[in-house]
1. In straight Cα distance, which lysines are under 29 Å from Lys142, not counting same-chain residues fewer than 8 positions off?
2. Multiply the residue gap between Lys30 and Lys142 by 0.36 nm, knock off their C-alpha separation, and tell me the result in nm, one decimal place.
3. Using 0.36 nm per residue of separation minus the Cα-Cα distance, give me the extension gain between Asn94 and Val45 in nm, one decimal.
4. Let's test the formula: R0 of 25 Å, r as the Cβ-Cβ distance of Ile55 and Leu109. What FRET efficiency results, to the nearest 0.05?
5. Given axes a ≥ b ≥ c from the Cα gyration tensor, I'd like to know whether the stretch 55-150 is rounded (a/c under 1.5), prolate (a/b larger than b/c) or oblate.
6. I need Glu123, Glu137 ordered by Cβ neighbour count within 10 Å, fewest first.
7. Which order, highest average first, do 37-45, 14-22, 90-98 follow once you tally other Cβ atoms within 10 Å for each residue and take the mean per peptide?
Amino acid sequence: MKNETTLLMIKPDAVQRALIGRIIARVEDKGFKIVGLRLVQLTEVNVDRLYDIHIGKDFYPLLKSFILSGPVVAIAIQGNNAVKVIRKLAGITNSPEAEPGTIRGDFGLDLTKNIIHASDQVERAKYELSVFFKDDELVTYKLITENWVN
């Protein structure tokens, strides 16, 4: 098992639908630790940094407009195999095809309004976390339950 830190971003549609607490509860219920949390209205520069790999693709203008449409919640999540497990908990990108029980499967409306963004690789997670948090803004602490869930 690898202790990793990953990014989960709650998108504007989930913020507007008051799903923040329900999404965070799923992360905590799975045994992960939140080491950073921020509600923020992204700028165009931040969106371009976060989604740099999509700039120039046909869907990017719609994605960018959507992410800029309201505040997002950035969550730094730590735990064993966090990147892989959080991606699985998130469900596939196209919400109507996502499995029931996943965040997107239960709450997502369509391909664009798909509730959350989750980093897909350890190195990418480090980069994406840097869009929202400075290194000294992530906290270190031990949960009493870590001996039981890790």
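1. Partners found: Lys2, Lys11, Lys30, Lys33, Lys84, Lys88, Lys126, Lys134.
2. Full-extension gain reported as 38.7 nm.
3. Residue separation times 0.36 nm, minus the Cα-Cα distance, leaves 15.1 nm.
4. So, using R0 = 25 Å, E works out to roughly 0.50.
5. Judged from the Cα gyration tensor, the stretch 55-150 comes out oblate (a/c at least 1.5, b/c at or above a/b).
6. Glu123, Glu137
7. Per-residue Cβ counts within 10 Å, averaged per peptide and sorted highest first, yield 90-98, 14-22, 37-45.
Rule-based calculations on the coordinates, nothing more; no lab input. If you're wondering where the values come from, they're calculated on a predicted model, not measured in any experiment. Glycine also receives a Cβ, built like all others from the backbone with ideal geometry; neighbour counts cover every protein chain displayed.
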